[in-house]
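To start, the structure under review is shown below, and the notes come after it.
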Amino acid sequence: MKDTQSAKERIDDLRKEITYHNHRYYVLDSPVISDAEYDELMRELQRLEAEHPELVTPDSPTQRVGAAPLEAFQTVEHPLPMLSLANAFQEEDLRAWYKRVQGLLGGRVFPMVCELKMDGLAVALVYEEGRFTTGATRGDGYRGENITQNLKTVKSIPLLLLDQSPRRLEARGEVYLSKKGFHKLNEERARSGQPLFANPRNAAAGSLRQLDPRITAQRPLDIYVYGMGWAEGGPTPSTQWHALEYMKSLGFRINPHNARFSHLDEVEDYYHRWLEAKEDLDYETDGVVVKVDSLDYQRELGEVGREPRWAIAYKFPATQATTRLIDIGINVGRTGSLNPYAILEPVNVGGVTVKMATLHNEDDIRRKDIRIGDTVIVQRAGEVIPQVVGPVVARRTGQEHPFVMPTRCPQCGAEVVRPPGEAMARCTGASCPAQIFQLLKHFAGREAMDIRGLGEQTVAALLQAGMVKDVGDLYYLSREQVLGLERMADKSADNLLNAIAKSRSRPLANAIFALGILHVGLETAQLLADHFGSLDRLANASQEELFAIPSIGPKIADSILAYFRQEANRRVIEKLRQGGVRLEKELTKAGKLPLMGKEFVLTGRLETFTRHQAEARIKERGGSVGSTVTRKTAYVVVGADPGSKLERAQALSVPQLTEAEFVVLLEGDGQTQPS
Ligand code: IVH
């Protein structure tokens, strides 16, 4: 008996101590003991509970995953309905809301609380005498599902409150999955061949609605509590801000970015700040919830239907929408890759109409189980091409069918192969018009031969007219021929021919890049140009020679060897040479590169080049680029908002160049010619 008594005391102490450390670790993110010490406490508690099973209680920290799988979820009534929010999509909507509220409050000023709107699943957590007893989903707002046993596995949800004075209390918040947790989960699912989740929200919802809590326990779910539902006993805060502080003192996890403002302009600033910064957060947020701070005012304002008048969700522009996948088309890339793309029923995604989206590759389509006819989630982020995130499986009708990669190229009918270990299927047709079209576009690109005026339409017209069959043919075009093209005026013909002429003396690195050798990007092309100095030497390089170059691995080396083994490619190169294209590294009159031996350091933002381009120009001319200013530095190029490198250059009296002076210096070798 005595023994049980002391065991009970020790168990109580251990539970309190573990609860405290859980809170430090999962809520405050600042543990005060090591993982090993924590594990030791847990083990002691587990041992005592095993010896005294009658002392096990559901709120014990050992009971986060203990429950057996359910047959179905029970229904839970919400004594205080869980409301939803009206949306504001632009500033006017927010201002209209503010004016309406101000009018209803008789012109009184009212502070507001701004919270990031979490994109997860709303839950209500009930505590009795400080113990977590019931957790439920929002459901229809009046009735939700009892998911207590799953919520207990969420480590940042306290099982015991730090202060047990309130008799009964309901906390409301959003359970979510971090972006990192989401990617990790999807990677695991991909590895084990399970369908992927479309976004963190779906993954969080799917995880919480598991009948087996052991599955939920494996998902790194987290919570932010954003309000108090109802309470009996304990303090009664008079504002939302104080309610949040109170919830925090009880041990709940509160978003540290919440803020309180008196003026609408500050709310606008907050919104714009987070619109910019939200990508840096490790969770998804789809807007800012603006709430009238005073709880008295909230009661006075009341609600219309299921939306409170005292709050509004000021949404960030949507990045996702759902629509129907009408079909899957195939684009043939310049290296022959068959790139599937989605043909969609047009849908508005954050103000832009999207009709097409990328689908990456065959494996990705299979992993995500995207079928033709599916309702799919389309996503647009920043300036990138829209992508299909995944299907909405619940909307399937049975009419959908899986995608099969064609075995023949849809453009030229040649056989399609998929080399082992590669994600891309490729067309084997050497004269596939789609490949030539893409290659010509690439060849003319800015970082390649930089032929202005040779856009998509002109490329198509040249191919159509049969004037160009490969990139070499560009250097044999006559003025008459070009003028014969549809919609080609005198001036544009001259511009095009001048641009082609100018491209004959492009630096070797750009010319190598322009050939479009698989896996050879501009950086690799630069390495190859530096190492071999001429295309001939590169074309005749052995595997050993290629391997000897640092940062060129077997994949790139094999691709280069395969390219030059093809007789057709050698013929094109010969054509380029005969057409006057310089296929050697450029040298000055004196036989030396103009910036040979000079080290440059760049600081600040340049207007006319990217960092990468500026470095490439320096290297093409024999110079090198350093990262710190030393006495050996030849020049420091100073762009906008320069860093401390400028001060150091001044201190060491290293010459400084403005961007304009830098451009002049680069052009100073205009008279370079082949050796
Ligand atoms: S307040 C009446 N605050 O948004 C107040 N909701 O559209 C309703 N949500 O179901 C809740 N973050 O799932 C509130 N900081 C936040 C929120 C938030 C996300 C969700 C919640 C709710 C939905 C309402």
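The values are calculated or read from the model by the stated rules, or taken from the named source; none is laboratory data. No experiment lies behind these values; they were computed from the predicted model shown. Counting neighbours? That spans all protein chains shown, and the Cβs are built from the backbone with ideal geometry, glycine included. When the accessible area is computed, the model is the full protein with side chains, heavy atoms only, and any ligands, DNA or RNA have been set aside. Shrake-Rupley method; radii C 1.70, N 1.55, O 1.52, S 1.80 Å.
Couple of notes before you dig in:
- For the chain, share of DSSP beta bridges that run antiparallel, in % to the nearest 5: 85 percent
- Stokes-Einstein D for the chain, Kirkwood Rh over Cα pairs, 4 °C, 1.567 mPa s (µm²/s): 42 µm²/s
- Neighbour count of at most 11 Cβ within 10 Å plus DSSP loop: longest GluC sites (Glu not before Pro)-free window in the chain: 72-382
- Every helix of 4 or more DSSP H residues in the chain counts as -39500 (n - 2.57), and over all residues that averages to -10500 deg cm²/dmol at 222 nm.
- Cα shape, the range 422-468, gyration tensor, a/c 1.5 rule: oblate
- Cysteines in the chain that, by Cβ-Cβ distance, have no pairing candidate under 4.7 Å: 114
- When 629, 417 are compared by accessible surface with a 1.4 Å probe, the order from highest to lowest is 417, 629.
- Taking only protein heavy atoms and a 1.4 Å probe, the accessible area of the range 121-169 is 44% carbon and sulfur.
- Rounded if a/c under 1.5, otherwise prolate or oblate - the range 8-84, Cα gyration tensor axes: oblate
- Whether the range 240-292 is rounded, prolate or oblate, judged on the alpha carbon gyration tensor where a/c under 1.5 counts as rounded: oblate
- With at most 11 neighbouring Cβ atoms within 10 Å, loop trypsin sites (Lys or Arg not before Pro) (DSSP) excluded, longest segment of the chain: 109-445
- Extreme residue, positive dipole direction of the range 1-106, given options 84, 72, 94 (C-beta unit charges): 94
- Modelled FRET efficiency - R0 25 Å, residue 664 with residue 492, Cβ distances, 0.05 increments: 0.25
- Per residue, the range 465-619 exposes an accessible area of 50 Å² to a 1.4 Å probe, with every protein chain left in place.
- With θ taken as phi - 60° and the Karplus curve 6.51 cos²θ - 1.76 cosθ + 1.60 applied, the whole-hertz 3J(HN,Hα) list for the range 79-90 is x, 10, x, 8, 7, 10, 10, 6, 9, 10, 9, 9 Hz, x standing for glycine and proline.
- Pairs from the list 355/469; 99/291; 441/469; 16/248 with a Cα-Cα gap above 20 Å: 355/469.
- Cα centre as origin, Lys/Arg/Asp/Glu Cβ charges: the chain dipole, Debye: 1640 debye
- Links that overshoot a 27 Å alpha carbon limit, given the list 179/645; 117/152; 180/645: 179/645; 180/645
- Near residue 87, the amide H atoms lying under 5 Å from its own belong to 313; only residues 5 or more places off or on other chains count, and H is placed 1.01 Å from N.
- Database remark: amide H of residue 230 closer than 5 angstrom to the amide H of 170 (H placed geometrically; neighbours at sequence offset of 5 or more, or on other chains; Pro and chain starts carry no H).
- Toward the positive end of the charge dipole of the range 250-333, with +1 on the Cβ of Lys and Arg and -1 on the Cβ of Asp and Glu, the farthest Cα among 254, 281, 271 is that of 254.
- Anchor residue 491: aspartates and glutamates whose Cα lies under 20 Å away (excluding residues fewer than 8 positions away in-chain): 450, 456, 480
- Geometric extent, Cα atoms of the range 74-228 - Rg, Dmax (angstrom): 18.3, 61
- Rolling a 1.4 Å probe over the protein heavy atoms leaves residue 261 with an accessible area of roughly 30 Å².
- Only protein heavy atoms count here; under a 1.4 Å probe, residue 635 has an accessible surface of about 50 Å².
- Spatially, the range 302-349 and the range 222-254 are offset by 35 Å when compared through their Cα centroids.
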